[in-house]
């Protein structure tokens, strides 16, 4: 295996998986939402831990081989998925990245295919309102916010694996999300669909905004996939 691509959610990964299906040297890992899930999933995958199911890999045979401890660590790891915009200049579907000091070649490749270098802030909750995004921008100077990459970079630094964050803007600095998804999450950070259904039942006027959000995230995932497919 030469490249490992990590996503928090299967919805983020799906368009990319379709493009690279059957391509050798590329593996996809769904790590879950947030620092804790991301760190645990990546550590277990790299260690060949039995608690990482093969279904988390793009290729089940590759996943099984990893579980059996027969594969070398990846030569490069990308932490990917959605990001919220903090910089008002960033638009839905903009692919943005941040790299370590020694990965200038990857940075040049990413810029060549249209990605933009930015500063990320790795948060422990979803930024759902314009006010929250403005506060994060003022406090951190970051251009975009996400929830997993810092933990993944730390694991890679321990093991000497080059790593880059490549994300796509799924909601801009100037828009509120239709619901507070933090309040609709389970303790493990994953969405509680029963809470979501209840929230929608209480506020049916949110249905249109949720459908628009789904369209935006679908578009964003396809934009991210198109960029990633050009560099792996």
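Some values worked out for this structure:
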{"item": "Residue list for the stretch 1-21, filter: in a loop (DSSP other than H, G, I, E, B) and touching a strand residue (DSSP E or B) at 6+ places or on another chain (Cβ under 9 Å)", "result": "1, 2, 8, 9"}
{"item": "Residue among 141, 160 that is on the phi > 0 side of the Ramachandran plot and modelled with pLDDT of 95 or more", "result": "141"}
{"item": "Total residues in the stretch 22-39, condition touching a residue at least 40 places away in the same chain (Cβ under 8 Å) and not in a loop (DSSP other than H, G, I, E, B)", "result": "8"}
{"item": "Candidates 124, 143, filtered to the one that is touching a helix residue (DSSP H, G or I) at 6+ places or on another chain (Cβ under 9 Å), under 16 Å from residue 94 (Cβ atoms) and in contact (Cβ under 8 Å) with a residue 24 or more places away in the chain", "result": "143"}
{"item": "Residue 188 surrounded by fewer than 18 Cβ atoms within 10 Å (Cβ to Cβ), under 19 Å from the mean Cα position of the chain (by Cα) and in a loop (DSSP other than H, G, I, E, B)", "result": "yes"}
{"item": "Residue in the stretch 81-113 that is surrounded by the most Cβ atoms within 10 Å (Cβ to Cβ), counting only those that are at pLDDT below 95 and in a loop (DSSP other than H, G, I, E, B)", "result": "103"}
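The values are calculated or read from the model by the stated rules, or taken from the named source; none is laboratory data. Keep in mind the model is a prediction, meaning the values are calculated, not measured. Note: ideal-geometry Cβ built from the backbone for every residue, glycine included; neighbour counts use all protein chains shown.
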